[in-house]
Amino acid sequence: MKFLIISHVEHKLIGNRISAYAPYVREMNIWFNHVDEVTVVAPLGMEQISAIDLEYKHQNLSFNAIPSIQFTGFKHALKSIIKIPRIFIVIFSACRKTDHIHLRCPGNIGLIGCLVQVFFPKKMKTAKYAGNWDPNATQPLSYKFQKWMLSNTFLTRNMTALVYGDWKNQTKNVKSFFTATYRDADRQVPTLRSYTGALKFVYVGSLVEGKRPLLAIQIVTKLKNKGFDVMLDLFGDGVLKSNLQNYISKNNLNSFIKLKGNQEKEVVKAALKEADFLILLSKSEGWPKAIAEGMFFGVVPIATSVSCIPNMLGYGSRGIIVDPDIDNAVETIQGFLNNTERLKLISVEASKWSQSYTLDVFENELIKLLKA
């Protein structure tokens, strides 16, 4: 089978080696186990490979570079409009030569892919919608258009759209799906936490406004001020890094809050095994892998009620759902800290749920999609 990926993810090329954002590549490499040829159509970046990048693994892989596009501001929009015909032609040509079209959405390149695939109604197709599929979510028009296109069974034929969460009144081609990080072999009985001594919080994600890392810092700081023995390690990088570091230094928080930067998978895994809580207060999410990864090892997640997170957290039976407000969030968390037996039950339920979504289960589901 000839397999085509159309993605907005920026790729990095060194010799014949193609790398990109590790969680995405790790997932695609599993798809590659079951196809004969792979073609990737995506933007090519100039940055150096970092700790959060991973190399594609396939013996017969080709890469078709296209320019990235963005529509933030008139100047960027004008340049992007000029690039669209070229991108359209490259994607159309790649679709014509492949057996299976795989779209990565939402994104500007995925949007073009949604339009091009209409011309190939008989080809097998899948789309991974990695954003928030909630029909009532406030989203950019381009995101809503992609959701409409993917669920339109007249324009988009022979397609399975993989989305996060269970949503009512969906078309027959929309399939509730998941993603995974660990194998069956990684399953273990989680450490039984006491929640009475020093409490370890971790944040895993990009340091960007949409993830609210500052709010996580402020919540842990307020818990400290209330007399709880807490510490917070933040794993990740992003545009807010220097601002966060300045905030930590200015407020003398260095003794219990640390910015760890981007780290290898095994470093983060070791941190999760030792943590009591994972805090992620996103404005929007698809399937937050960091939350599922923490839950795998019995870490109690603290998160906001967006996208499929309430479902992941069993509406409170597998985690702590908070409002994105410092005082309200601290009050909610404090209530749980005063009930250690409940936290122990949540930890067990979180691990039990997450360990049912392994890469082995994920791969078996992919095989069904490829053979459909």
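Pick from LYS241, LYS250: which is surrounded by fewer than 17 Cβ atoms within 10 Å (Cβ to Cβ) and basic (Lys, Arg)?
LYS250
Considering only residues that are charged (D, E, K, R) and more than 24 Å from PHE228 (Cβ to Cβ), look in the range 273-321 and name the one that is most open to solvent (accessible area, probe 1.4 Å).
The qualifying residue most open to solvent (accessible area, probe 1.4 Å) is LYS283.
Quick one: count up the residues across the range 227-274 that are in contact (Cβ under 8 Å) with a residue 24 or more places away in the chain and on the phi > 0 side of the Ramachandran plot.
Summing the residues that are in contact (Cβ under 8 Å) with a residue 24 or more places away in the chain and on the phi > 0 side of the Ramachandran plot in the range 227-274 gives 3.
Counting just the residues of the range 131-155 that are open to solvent by 50 Å² or more (accessible area, probe 1.4 Å) and touching a residue at least 12 places away in the same chain (Cβ under 8 Å), which one comes out farthest from LYS2 (Cα to Cα)?
PRO135
Condition check: open to solvent by 20 Å² or more (accessible area, probe 1.4 Å), touching a Pro at 6+ places or on another chain (Cβ under 9 Å) and not in a helix (DSSP H, G or I). Does LEU13 satisfy that?
No, not satisfied.
Results for (1) open to solvent by 60 Å² or more (accessible area, probe 1.4 Å); (2) of a type outside the set (Gly, Ala, Ser); (3) over 20 Å from VAL90 (Cβ atoms); (4) out of contact with any strand residue (DSSP E or B) (no Cβ under 6 Å at 6 or more places or on another chain), shown as yes or no for each residue.
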{"residue": "MET46", "(1), (2), (3), (4)": "yes, yes, no, yes"}
{"residue": "LYS57", "(1), (2), (3), (4)": "yes, yes, yes, yes"}
{"residue": "ALA65", "(1), (2), (3), (4)": "no, no, no, no"}
{"residue": "ILE69", "(1), (2), (3), (4)": "no, yes, no, yes"}
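Out of (1) open to solvent by 10 Å² or more (accessible area, probe 1.4 Å); (2) in a helix (DSSP H, G or I), the odd one out for PRO324 is which?
Going through (1) open to solvent by 10 Å² or more (accessible area, probe 1.4 Å); (2) in a helix (DSSP H, G or I) one by one, PRO324 breaks only (2).
Mind listing whichever residues of the range 327-338 are open to solvent by less than 20 Å² (accessible area, probe 1.4 Å) and within 17 Å of SER194 (Cα to Cα)?
Answer for the range 327-338, where residues must be open to solvent by less than 20 Å² (accessible area, probe 1.4 Å) and within 17 Å of SER194 (Cα to Cα): ILE333, LEU337.
I'd like to check something: does the range 340-352 contain any residue that is open to solvent by 30 Å² or more (accessible area, probe 1.4 Å) and either within 18 Å of the chain's Cα centre (by Cα) or under 30 Å from MET124 (Cα atoms) (or both)?
There is no residue in the range 340-352 that is open to solvent by 30 Å² or more (accessible area, probe 1.4 Å) and either within 18 Å of the chain's Cα centre (by Cα) or under 30 Å from MET124 (Cα atoms) (or both).
Kindly check whether there is at least one residue in the range 275-297 that is free of Cβ contacts under 8 Å to residues at least 60 places away in the same chain and in contact with an Asp or Glu (Cβ under 8 Å, 6 or more places away or on another chain).
no
List the pairs whose first member sits in the range 357-372 and is under 13 Å from HIS34 (Cα atoms), whose second member is open to solvent by less than 20 Å² (accessible area, probe 1.4 Å) and in a helix (DSSP H, G or I), and whose Cβ atoms are under 6 Å apart, counting only residues at least 6 apart or on separate chains?
GLU363/ILE30; LEU366/TRP31
Restricted to the range 156-174, and to residues that are of a type in the set (Ser, Thr, Tyr) and not in a loop (DSSP other than H, G, I, E, B), which residue is least open to solvent (accessible area, probe 1.4 Å)?
The extreme case among them is TYR164.
Would you check which residues across the range 72-121 are in contact (Cβ under 8 Å) with a residue 40 or more places away in the chain and open to solvent by 60 Å² or more (accessible area, probe 1.4 Å) and list them?
Across the range 72-121, the qualifying residues are LYS97, ASP99.
Each row is one residue, and each column tells you yes or no for (1) small (Gly, Ala, Ser); (2) within 21 Å of TRP133 (Cα to Cα).
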residue: SER282; (1), (2): yes, yes
residue: GLU285; (1), (2): no, yes
residue: PRO310; (1), (2): no, yes
residue: ILE326; (1), (2): no, no
residue: VAL330; (1), (2): no, no
residue: GLY335; (1), (2): yes, no
residue: ALA350; (1), (2): yes, no
residue: SER354; (1), (2): yes, yes
residue: ILE367; (1), (2): no, no
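Give the residues of the range 175-231 that are part of a strand (DSSP E or B) and open to solvent by less than 50 Å² (accessible area, probe 1.4 Å), sorted by residue number.
Across the range 175-231, the qualifying residues are PHE177, LEU199, PHE201, VAL202, TYR203, VAL204, VAL230.
What are the residues in the range 16-55 that are assigned to a loop (DSSP other than H, G, I, E, B) and of a type in the set (A, V, I, L, M, F, W, C), if any?
Of everything in the range 16-55, those that are assigned to a loop (DSSP other than H, G, I, E, B) and of a type in the set (A, V, I, L, M, F, W, C) turn out to be VAL35, MET46, ILE49, ALA51, ILE52.
Determine whether the range 276-289 contains at least one residue that is over 18 Å from the mean Cα position of the chain (by Cα) and either at pLDDT 95 or above or within 30 Å of MET1 (Cβ to Cβ) (or both).
yes
Of the residues SER305, SER347, SER284, SER354, only one is under 15 Å from LEU199 (Cβ atoms) and among the hydroxyl-bearing types (Ser, Thr, Tyr); which?
Result of the check over SER305, SER347, SER284, SER354: SER347.
The values are calculated or read from the model by the stated rules, or taken from the named source; none is laboratory data. Predicted, not measured: the structure shown is a model, and the values here were computed from it. Note that each Cβ is placed from the backbone with ideal geometry, even for glycine, and that neighbours are counted across all protein chains shown. These area figures cover heavy atoms from the full protein model, side chains too; ligands, DNA and RNA do not enter into them. Shrake-Rupley method; radii C 1.70, N 1.55, O 1.52, S 1.80 Å.
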